[in-house]
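One structure below.
The values are calculated or read from the model by the stated rules, or taken from the named source; none is laboratory data. Owing to the predicted nature of the structure, the values given are computational and were not obtained by experimental measurement. For neighbour counting, all protein chains shown are included, and Cβ atoms are generated from backbone atoms with ideal geometry for every residue, glycine included.
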């Protein structure tokens, strides 16, 4: 395992995601905003920053909050970069703090140090990295308003996994977009163990349970398992409670689903409606952020699922949802589903006044009557069929969603 991790680190170092250029460009500006890199675990946030530091020509200091052991830890890191900058009389310097959300009251501490540098006219630039979106957003909105800029780092796309690891479309649909365990794929059981223990358990136990009060941790875990097994399916909250056989309530379920969304694991898509009230009151459609979460918890192996079109179709639809969901966070559009009686559209994307309906037709025999009903009722900008008789799945998964709105 240790040798595999070393090999992986070398591969990732050579492969630079599109966000590398974006971060590098931001650092070229005058000291103005704190750069916040936000995204789920194991998508390469730290690797991106380390690549930048290798080429950064000014003094820098990197520290992870995993090492924080006492209250003044963050202040000490700040003093370290100030000393480095002052010793060489540098025109700028860079401080990077990883897993910032693990520091109690981190946003107020950052504000104090940032404002001190501003008052003293010190050219220290800041990059903060975090994997808990909810904890980060709370601190940013409460203490650092007007002082930060967020760069969201999503799960890896099919194009990125193909370029870095030579993934086929079938590889991506089943194994998803986590680069870390890519070398474990020849041993699927070992790959599943890695995803379950090193990623899922770590996210649930460290990013959620230790940072947010959870009165029913078993319910949270069971909800996650259910959502993975039902990705692409619409369930009312009452039906979810029935499936889980728990004495919780719908408010608790909705809250836990938001926590899972903030950790970059599961989202409950709302039903598309011109009425915001109806959207929020709708039954959620489960959508994973990464199909690896589905596959790692499945009792089936990849070869078994590929031979069963009805089952494989669920993974294909979820992979399309993964593509749209992750791009919605970087390209700033809304993602919904739509259903009216027996008519359904898998995904609806909306940006400003532009609305697009997307129906996925994979291995399952599905009616496309929903597209016609949706078009008649809402007159969208366009409707798209992905899969058989439409845009090939491989082509759609390499298509920037921004192109759809043109």
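So which of 189, 231 ends up being touching a residue at least 60 places away in the same chain (Cβ under 8 Å) and either surrounded by 18 or more Cβ atoms within 10 Å (Cβ to Cβ) or over 25 Å from residue 269 (Cβ atoms) (or both)?
Matching residue, one of 189, 231: 231.
Inside segment 119-150, can you point out the residues that are in contact (Cβ under 8 Å) with a residue 12 or more places away in the chain, under 24 Å from residue 90 (Cα atoms) and assigned to a loop (DSSP other than H, G, I, E, B)?
Matches in segment 119-150: 122, 123, 147.
Pick out the one residue from 194, 172 that is out of contact with any strand residue (DSSP E or B) (no Cβ under 8 Å at 6 or more places or on another chain), within 30 Å of residue 338 (Cβ to Cβ), part of a helix (DSSP H, G or I) and at pLDDT 95 or above.
After applying the criteria, what remains is 172.
Scan segment 241-259 and tell me whether some residue there is crowded, with 20+ Cβ neighbours inside 10 Å, touching a residue at least 60 places away in the same chain (Cβ under 8 Å) and within 30 Å of residue 406 (Cβ to Cβ).
Scanning segment 241-259 turns up no residue that is crowded, with 20+ Cβ neighbours inside 10 Å, touching a residue at least 60 places away in the same chain (Cβ under 8 Å) and within 30 Å of residue 406 (Cβ to Cβ).
Could you say whether any residue in segment 195-216 is more than 22 Å from the chain's Cα centre (by Cα) and touching a residue at least 24 places away in the same chain (Cβ under 8 Å)?
Yes: segment 195-216 contains one or more residues that are more than 22 Å from the chain's Cα centre (by Cα) and touching a residue at least 24 places away in the same chain (Cβ under 8 Å).
Across segment 163-172, what is the number of residues that are closer than 18 Å to residue 392 by Cα and free of Cβ contacts under 8 Å to residues at least 40 places away in the same chain? Can you show your working first?
First, the residues of segment 163-172 that are closer than 18 Å to residue 392 by Cα: 167-172.
With the extra rule that they be free of Cβ contacts under 8 Å to residues at least 40 places away in the same chain, the set shrinks to 167-168, 171.
Residues meeting the conditions: 3.
Looking only at residues that are part of a loop (DSSP other than H, G, I, E, B) and in contact with a helix residue (DSSP H, G or I) (Cβ under 6 Å, 6 or more places away or on another chain) in segment 213-238, which one is nearest to residue 250 (Cα to Cα)?
If we take residues in segment 213-238 being part of a loop (DSSP other than H, G, I, E, B) and in contact with a helix residue (DSSP H, G or I) (Cβ under 6 Å, 6 or more places away or on another chain), then 214 is nearest to residue 250 (Cα to Cα).
Counting only residues that are outside any strand (DSSP E or B) and farther than 19 Å from residue 158 by Cα, which one in segment 323-361 is modelled with the highest pLDDT?
Across segment 323-361, the extreme among qualifying residues is 333.
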